[in-house]
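What follows is a single structure, written as structure tokens, with notes after it.
The values are calculated or read from the model by the stated rules, or taken from the named source; none is laboratory data. Not measured: the values here are computed from a predicted model. Note: ideal-geometry Cβ built from the backbone for every residue, glycine included; neighbour counts use all protein chains shown.
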Amino acid sequence: MSGLKIVGGRALCGRIHVQGAKNSVLPILAASLLSGGETVIHNCPALSDVDAAIDILRHLGCRAEFTQGTAYVDSSTMTRCDIPDELMRRMRSSVIFLGAILARAGEAKLSMPGGCELGPRPIDLHLLAMERLGAELETRGGNLLLRSHGLRGGRIDLSIPSVGATENAMIAASGAQGETLITNAAREPEIGDLGRYLRALGVKIRGEGTSTVSVEGGGFAPCCQHTIIPDRIAAATFIAAAAASGGDLTLTGVAGDHMRAVLDAFSRMGVEIRECGDTMRVLSRGKLRSPGTVTTGPYPGFPTDAQPPLMAACLGAEGISVFVETVFQSRFRHVPELRRMGADIKVDGRVAIAQGPGRLHGARVEAPDLRGGAALMVAALAAEGESIITQMRHIDRGYEKIADLLRSVGAEAERID
């Protein structure tokens, strides 16, 4: 088991190039199955979830390569329509392959997905979308078997704006005959990025990034190139790290328009953020203050994935910070680990109250999930003494070569066994 050792107390200074968006590249890798042709994806982050997606594509019979930020997929050689339990368990978002496999092969067999345990995340909406397009569902011993004699366009009314269900519906509809209308769709920037890829693939799609998306299936281009948008959650984590450590960081390759709610919260804390195109300078020089109450919600609200690192940064701020979690039931699993470092945080259901400024000390802690691990990294950078964060497998799912990156901007950090 690997861990991350951080000795806190050093201000982060320097430049960080923000990686491509994890939550964008995974559905696009899945959608590469549709055309039976070649896809080249640029700005692809080197993450364990990307490795898992590449392994799934190879299992399905595709040629898939990933080197130096570029992924290549040739899906013309696809021979299978199943994803075994071992691969499904490696990442929660593996269910995003459902619509693509079904559209391409006429059937799909998957086990229940794995990933971070953040409370119930039923895939009912994904299955409902497939049924609305004409698929028939059967469950066998924990496996899902869907069959279709040809997907047909239809109307998909989502009860909540689920990002994954919206993506799966868009992908499956791209391979269906006729027009599909998706209502109450998620509006996240990653949805827009998927829409741009599908359009480059030859799909007639309108409204991606709004609550109503129209997709008309048809022919596909034999080859396609696409560049992934910046990862707004990774950028939010680096802003939190700069804020907590009293740093001066310049982020390049960042999309400020995708993270207005996040930037507003840090500005309320007294963090100075200067934007110029795709470059953002983050300065944290004075005393931090509480951002007040932060309530997570669907885009353009405050993203649930950015809540844990923001909470960690707030531990050094004057006053009481209140976090209301409306997306996941178990999003506060990092709180007991932060308490081991001296944090004063109380949790009542879906509300967490952090009292600052606290004096954090180094400790041995365990990353409970991906973004909880990010919170522990931010806290360790601000703490006195040495911290060791274990269960790095979670952090590796969403952050590219994090120890090397932190060292490059002045942190004392190293990967250990």
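Among the residues of the range 86-102, is there at least one that is of a type in the set (S, T, N, Q) and either under 25 Å from Thr304 (Cα atoms) or buried (at least 19 other Cβ atoms within 10 Å of the Cβ) (or both)?
Yes, because at least one residue in the range 86-102 is of a type in the set (S, T, N, Q) and either under 25 Å from Thr304 (Cα atoms) or buried (at least 19 other Cβ atoms within 10 Å of the Cβ) (or both).
Among the candidates Ala403, Ala383, Ala374, single out the residue that is touching a residue at least 24 places away in the same chain (Cβ under 8 Å), surrounded by 15 or more Cβ atoms within 10 Å (Cβ to Cβ) and touching a helix residue (DSSP H, G or I) at 6+ places or on another chain (Cβ under 7 Å).
Ala374
Only one residue in Arg359, Arg333 is out of contact with any Ser or Thr (no Cβ under 7 Å at 6 or more places or on another chain), charged (D, E, K, R) and surrounded by fewer than 19 Cβ atoms within 10 Å (Cβ to Cβ). Which one?
Arg359
Residue under question is Ser214, and the condition is that it be at pLDDT 95 or above, closer than 25 Å to Leu376 by Cβ and polar (S, T, N, Q); does it hold?
No.
Pick from the range 326-362 the residues that are of a type in the set (A, V, I, L, M) and within 14 Å of Leu310 (Cα to Cα): which of them is nearest to the chain's Cα centre (by Cα)?
Across the range 326-362, the extreme among qualifying residues is Val335.
Can you name the residue in the range 251-271 that is surrounded by 20 or more Cβ atoms within 10 Å (Cβ to Cβ) and either of a type outside the set (A, V, I, L, M) or on the phi > 0 side of the Ramachandran plot (or both) and is also nearest to the chain's Cα centre (by Cα) among such residues?
Within the range 251-271, the match that is nearest to the chain's Cα centre (by Cα) is His258.
Just to be sure, is Ala221 of a type in the set (Gly, Ala, Ser) and either part of a strand (DSSP E or B) or in the same structural domain as Leu381 (by TED's automatic domain parsing) (or both)?
no
Could you please give the count of residues in the range 103-115 that are at pLDDT 90 or above and in contact with a Gly (Cβ under 8 Å, 6 or more places away or on another chain)?
3
For the range 1-96, give me every one of the helices (runs of 4 or more DSSP H) that falls completely inside it and has 2 or more residues that are among the polar types (S, T, N, Q).
Passing ranges, in order: 22-31.
Looking for whichever is without any contact (Cβ under 8 Å) to a residue 40 or more places away in the chain, of a type outside the set (Phe, Trp, Tyr), out of contact with any helix residue (DSSP H, G or I) (no Cβ under 7 Å at 6 or more places or on another chain) and not in a helix (DSSP H, G or I) here; the options are Ile353, Ile345. Which one fits?
Only one candidate qualifies: Ile353.
Could you list, in sequence order, the residues of the range 23-35 that are under 11 Å from Phe220 (Cβ atoms) and modelled with pLDDT of 95 or more?
Hits for the range 23-35 are Ala31, Ser32, Leu33, Leu34.
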